[in-house]
Structure formats: C-alpha cells, structure tokens
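Below is one structure, written out as structure tokens; comments come after it.
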Amino acid sequence: MKETQLKKLILDDDFTNIQSLVNEEINLMSILNIAHRELQHSNLLGWLFSPNETHGLDDFFIKEFIKLYFKENEYQDLGNDYSKLSVFDFVNMNFDDVEIRREYKNIDILILSKSNELCILIENKIYAKEGKEQLTKYRNHIEDEFRDYKHKIFIYLSLFEQEISDKEKDNYVLLTYEHIKKLIKLVLDRQTLGINNNTRFVLEQYLQTLKSLMNENEKIEQLAKDLYKKYKPAFDLVFKYASPSQSTLVPNNLVQLIKDEPSIRPFSTSKSYIRFQPNFLYDNIELLKQKGFITEEDNLEKNWLFLFEFHITRQYIYFDMKIGDYVLTSSREKLYELFKNNTDVFSKVIKANGKLRPSWHLVFQKKIITSSEYSKFLDSEEDSLDEKIEKRFKELIHIDLPKIQKVIEDELKK
C-alpha cells in the first residue's frame with residue numbers, strides 16, 4: 001500500500017510542480033554547498049557587524065542588531081544581571097572602534113568596543129546543538145580576559161529556537177535567525193542607506209538562503225501540506241527511512257487534533273510552533289478583567305499572556321506553557337507569583353536566578369515526542385508517530401490542562 005502511494009506521489013503533477021518551486025530557491029550559498037555550514041554564516045555576519053568593511057553600511061547593522069532586541073523585548077536590558085546593557089547605555093555609544101574577532105579561542109564571533117567597554121560573544125548554530133560545557137568555557141574566557149569591561153553580553157544564535165543548558169540559560173540570550181532575517185530585510189528596504197549593487201546582491205542571496213533554510217516559501221509550504229494530506233502513508237515511509245539530518249521538522253497531526261478538540265481553539269501557529277488557547281479562558285474573560293490579568297479592551301484573540309504551544313523541532317516535540325509577552329507588566333508578575341505558589345503543577349516556573357524573564361517564561365512542559373523516540377521511529381518498522389502523539393495530546397488535554405485550569409480558576413474566584 002505504502003509503496004503504491006509512493007509511486008503515485010512521484011508521478012503526481014503537484015509533486016513535479018513542487019520540484020520546480022524548489023529549483024527557484026537556488027542561491028549562491030546552496031550552489032557552493034555552504035548554506036548549512038556555521039563557519040560561512042559566521043563569516044558573513046562578522047563582515048556585516050564590522051563598521052569598516054566593504055559593505056558600506058558603517059555601523060548600521062550592529063546598531064540595528066542591538067536596537068531590534070530592545071524593541072522586541074519590551075525594552076528590557078540586554079544580557080545578564082551583572083553586566084547588562086540598557087537602552088540608556090546604548091544610545092550614547094559610538095561604534096567607530098568596533099573590532100570583530102572570528103574563532104578567537106574557538107568563539108564564533110566576538111564583537112569588541114574598548115571605548116564603550118562592550119564585549120558581545122555570539123555562539124552560532126545552524127543545525128548543531130550546544131556542546132558539553134561549551135558555553136561555560138567561552139563565558140569564562142570572556143569573564144577573565146575582559147573583566148574590566150562593563151558590558152559583557154553572551155548570545156546563543158541558532159537557526160531555530162533551542163534549549164540552553166540549565167547552567168547557562170540565565171547567562172546567555174537566546175536569539176534565532178529570525179532576528180537576522182529581519183535585519184537583512186531592514187537593510188534592503190532602507191532607501192536612505194544607498195547600498196551598492198554588490199552589497200545588495202550579497203544580502204539578497206543571503207536572505208534567500210535564510211528563507212530556504214527556515215522553510216519560508218509560502219507556495220512550497222501550501223503545496224507540501226496538500227501533498228502530505230493526500231499521500232500521508234508515502235511520506236511516513238520517507239520520514240522513516242530518511243536520516244534525521246535530512247528530514248524536515250518532526251511530522252505530526254497536532255493541527256488537526258487541536259481543531260477536533262472541543263475544549264480548546266487554534267491560536268497563532270508557525271512552522272516551529274503549533275499553538276492553542278483553552279476555552280476556559282474565554283469562559284472566565286470577565287473575571288480575568290476584574291482581577292486585572294487582562295485589559296478591559298482585551299478579547300483574548302490576540303492575547304499572548306497565556307501561551308500554550310507545541311514546540312516542533314527536527315528531533316523532538318515538546319508542549320510548553322509560558323507566561324508570554326503582554327502589554328501589562330503587572331499581569332505577567334501576578335501570573336508569575338501565582339505559578340510560583342503552585343509548583344506542583346507549574347514545575348518549570350522557578351529558574352536559576354528566581355526572576356521572571358522579560359518576554360517568555362516557561363512554567364510547564366510535557367514531552368510529546370523525545371529525540372530518542374523519533375530516532376527509534378526512523379530506524380524501526382513502526383508505521384507512524386500519530387498514535388503516540390495523539391495519546392500524549394489527550395493526556396495533556398484531559399489530565400494536565402484541567403490542573404492548570406483549576407489553579408487559574410481558583411485564583412479568579414478569590
């Protein structure tokens with residue numbers, strides 16, 4: 001049956017069309033077979049960060065790199081508590097003396113400005129994960145060699161969001177290449193920069209590379225979804241025998257499960273995050289307003305305060321509940337205190353530094369598919385992950401979610 005489906009897929013006109021669309025994604029980095037190599041990405045970023053390079057952008061890229069972080073994180077300080085950078089520090093900085101060091105003591109990118117007492121370490125990952133004690137070793141190098149610098153910023157940059165080890169997650173700022181993609185777009189769209197043709201070509205090629213790596217071709221995405229729905233058994237066969245490094249994100253049926261579950265409703269979803277909102281929030285909307293958790297104008301449809309999301313990667317699927325980004329800081333703090341008082345349910349709420357994170361604070365987590373389970377699926381004769389995903393989804397909805405609901409509703413009834 002699966003073999004027949006695979007044959008039909010290969011001869012399907014839509015499959016031919018998707019192959020043509022893939023050919024349109026070809027760019028210089030893919031031709032040179034370097035799109036997946038961290039070294040080449042680091043070289044290009046180092047070039048862009050340097051004010052004195054041939055791109056002619058001066059310090060625009062490094063300034064916007066920092067400025068974008070502030071804008072997207074409620075203007076919170078950048079960095080850890082003892083060597084952070086505030087907006088007020090940043091606006092008075094001159095970046096003329098910026099020095100870029102590549103592979104200095106194995107650190108991917110090191111940005112130094114002596115006049116500003118600023119040191120920014122960037123550990124760059126495309127598909128690789130954090131090495132054992134790697135981040136600690138690099139941080140110790142910087143803490144020792146640049147101890148007199150006031151601002152020491154440690155950044156973990158990855159293609160898609162990754163987990164940082166418990167030991168270092170309060171020292172490193174996690175950024176993804178979505179941050180870089182936005183910067184490249186900003187440079188290309190900013191007419192007043194007057195960038196030369198050579199620089200524009202490089203940036204356009206690099207932007208296409210990032211979109212391709214991040215699976216952001218809308219035509220391909222829709223066609224792929226249609227083909228997967230039509231030939232699901234054939235794709236399951238492909239996923240099973242393809243190596244993890246060659247496959248895309250872990251295949252799942254979570255979107256449909258959410259649609260079919262009456263106690264929840266779909267929320268803002270992307271390739272890496274499938275989200276929902278529980279209906280009990282809508283049932284208690286007036287109490288949420290009365291207790292000051294949400295504003296009087298809030299209808300919850302675009303509310304990111306209560307964040308329920310499945311994080312889909314190439315190796316695993318986790319469900320995370322987070323205190324998300326919201327206009328009222330007091331609301332986030334109220335939730336944080338509530339969850340801290342109920343760690344039997346919200347076991348992830350207390351971090352190493354015991355503080356509420358600026359934008360996204362993990363409070364609850366459930367493993368839906370682990371990396372070892374996915375590896376076994378690829379290597380075994382199992383037909384699909386669907387049954388396992390559905391089982392754990394139902395456990396989440398019928399066992400875990402009611403516990404979360406009870407804590408919140410009990411607080412609202414006080």
Test Tyr75 against the stated conditions and say whether it is surrounded by fewer than 14 Cβ atoms within 10 Å (Cβ to Cβ), assigned to a loop (DSSP other than H, G, I, E, B) and in contact with a helix residue (DSSP H, G or I) (Cβ under 7 Å, 6 or more places away or on another chain).
yes
Checking Ile142 against (1) under 23 Å from Asp89 (Cβ atoms); (2) among the hydrophobic types (A, V, I, L, M, F, W, C); (3) not in a helix (DSSP H, G or I): exactly one of these is not met. Which one?
(3)
Verdict on Lys289 being in contact with a Phe, Trp or Tyr (Cβ under 6 Å, 6 or more places away or on another chain), surrounded by fewer than 19 Cβ atoms within 10 Å (Cβ to Cβ) and outside any loop (DSSP other than H, G, I, E, B):
no
Name, by its number, the condition in (1) at pLDDT 85 or above; (2) touching a Phe, Trp or Tyr at 6+ places or on another chain (Cβ under 9 Å); (3) hydroxyl-bearing (Ser, Thr, Tyr); (4) closer than 27 Å to Glu390 by Cβ that does not hold for Tyr231.
(1)
Which one of the conditions (1) under 21 Å from the mean Cα position of the chain (by Cα); (2) more than 25 Å from Ile369 (Cβ to Cβ); (3) buried (at least 21 other Cβ atoms within 10 Å of the Cβ) does Lys302 fail to meet, given that it meets all the rest?
(3)
Look through Glu373, Glu409, Glu387 and report the one residue that is in contact with a helix residue (DSSP H, G or I) (Cβ under 8 Å, 6 or more places away or on another chain), closer than 20 Å to Pro262 by Cα, charged (D, E, K, R) and assigned to a helix (DSSP H, G or I).
Glu409
Options Asp410, Asp383, Asp325: the member that is more than 26 Å from Ser158 (Cβ to Cβ), surrounded by fewer than 18 Cβ atoms within 10 Å (Cβ to Cβ) and at pLDDT below 90:
Asp383
Given the conditions (1) surrounded by fewer than 18 Cβ atoms within 10 Å (Cβ to Cβ); (2) assigned to a loop (DSSP other than H, G, I, E, B); (3) at pLDDT below 85, report the number of the one that Val250 does not fulfil.
(1)
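Condition check ((1) at pLDDT 90 or above; (2) of a type in the set (Asp, Glu); (3) under 27 Å from Ile195 (Cβ atoms)) across all residues:
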site	(1), (2), (3)
Leu45	yes, no, yes
Glu53	no, yes, yes
Glu74	no, yes, no
Asp77	no, yes, no
Ser83	no, no, no
Asn92	no, no, yes
Glu103	no, yes, no
Asp108	yes, yes, yes
Ile111	yes, no, yes
Check off (1) closer than 28 Å to Lys167 by Cβ; (2) among the aliphatic types (A, V, I, L, M); (3) surrounded by 17 or more Cβ atoms within 10 Å (Cβ to Cβ) for Leu68 and give me the number that stays unchecked.
(3)
Restricted to segment 268-285, and to residues that are modelled with pLDDT of 90 or more and outside any helix (DSSP H, G or I), which residue is nearest to His398 (Cα to Cα)?
Pro278
Hey, among Ser83, Ser50, which residue is hydroxyl-bearing (Ser, Thr, Tyr) and under 19 Å from Glu145 (Cα atoms)?
Ser83
Out of curiosity, is Lys351 part of a strand (DSSP E or B), assigned by TED's automatic domain parsing to the domain that holds Tyr374 and touching an Asp or Glu at 6+ places or on another chain (Cβ under 8 Å)?
no
Residue under question is Arg314, and the condition is that it be among the basic types (Lys, Arg), on the phi < 0 side of the Ramachandran plot and in a loop (DSSP other than H, G, I, E, B); does it hold?
yes
Working carefully through the options Leu174, Leu121, find the one that is under 24 Å from Leu44 (Cβ atoms), crowded, with 18+ Cβ neighbours inside 10 Å and either of a type in the set (D, E, K, R) or modelled with pLDDT of 80 or more (or both).
Leu121
Has segment 319-330 got any residue that is part of a helix (DSSP H, G or I) and touching a residue at least 12 places away in the same chain (Cβ under 8 Å)?
yes
Go over the candidates Lys132, Lys63, Lys67 one by one and state the one that is part of a loop (DSSP other than H, G, I, E, B) and either basic (Lys, Arg) or touching a Gly at 6+ places or on another chain (Cβ under 7 Å) (or both).
Lys132
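The values are calculated or read from the model by the stated rules, or taken from the named source; none is laboratory data. Computed from a predicted structure; not experimentally measured. Neighbour counts are summed over all protein chains in view; Cβ atoms, including those assigned to glycine, are modelled from backbone coordinates with ideal geometry.
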